[in-house]
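The values are calculated or read from the model by the stated rules, or taken from the named source; none is laboratory data. For clarity, every value in this text was computed on a predicted model and none was experimentally measured. Here the Cβ positions follow ideal geometry from the backbone for every residue, glycine too, while neighbour counts run over all protein chains shown. Heads up: the accessible areas ignore ligands, DNA and RNA and are worked out on the full protein's heavy atoms, side chains in. Shrake-Rupley method; radii C 1.70, N 1.55, O 1.52, S 1.80 Å.
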Amino acid sequence: MFFECGWHQQFCFCKPIILINYPNYLNNKLQNYKKYPTFAFKYKQKMKTLSHLLSSYRLTLICALAIFAASIYPIPETPLHKIPLADKWTHFLMYGFLSAVIWYEYTKCHSKASGIKLFSFAFVAPVCMGGIVELAQEYCTIGRHCDFIDFIANTIGVVIGNAIGLLIWYFARCRKASDANRNYKNGGRQ
């Protein structure tokens, strides 16, 4: 037995504390400590997630950086400037390609679709990127200006790219199902 005194009171009242369950007490304290991860643990988990995203979505990152660079730097005068709406078609194709690439890499990395992740990653992120790029052209560059019709072309490209991405997802799923069916019929042999 161990006696603990309450010094904060006017008189010292000693309370007996039985130390039979001391190992359980320590075990409970350690479990409570594990419930609250440390900063280093949280940082390590975030870096692991970021590393996974960068390795899984390399082509998406390259496309996004290329679009950003092409949109920020001034473009010299070319014969393509004489084609009507060539700039809008370029925006449409760039963002459509970006959305289709996101779907392709998502299909390659995941066996099941998560609607919220796909919506935020393949639709919302490119549309927001298009808006940020247009604002950056207006406020951060010389010789480039914000154009709302460019933003609309970006958004239409994202919608068409997502439609193409749905087709990519569907055909990849059908191919995986047929491969699994063929593998099942062969008894697990390739």
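Of everything in region 105-141 that is among the small types (Gly, Ala, Ser) and in a helix (DSSP H, G or I), the residue that is farthest from His91 (Cα to Cα) is Gly115.
Considering (1) over 23 Å from the mean Cα position of the chain (by Cα); (2) at negative phi; (3) not acidic (Asp, Glu), the lone condition that Gly143 does not fulfil carries the number (2). Filtering region 42-69 to residues that are open to solvent by 50 Å² or more (accessible area, probe 1.4 Å) and closer than 17 Å to Val133 by Cβ leaves Leu61, Ile62, Leu65, Ala66, Phe68.
Residues that are assigned to a loop (DSSP other than H, G, I, E, B) and either surrounded by 11 or more Cβ atoms within 10 Å (Cβ to Cβ) or modelled with pLDDT of 85 or more (or both) within region 70-82 comprise Tyr73, Ile75, listed in sequence order. Taken over region 84-116, the criterion of being in contact with a helix residue (DSSP H, G or I) (Cβ under 9 Å, 6 or more places away or on another chain) and surrounded by fewer than 11 Cβ atoms within 10 Å (Cβ to Cβ) is satisfied by Ser111 alone. Among the residues making up region 63-83, those that are within 19 Å of Ala136 (Cβ to Cβ) and of a type in the set (A, V, I, L, M, F, W, C) are Cys63, Ala64, Leu65, Ala66, Ile67, Phe68, Ala69, Ala70, Ile72, Ile75. On the stretch given as region 133-167, residues that are at pLDDT below 85 and either touching a Lys or Arg at 6+ places or on another chain (Cβ under 6 Å) or of a type in the set (A, V, I, L, M) (or both) total 1.
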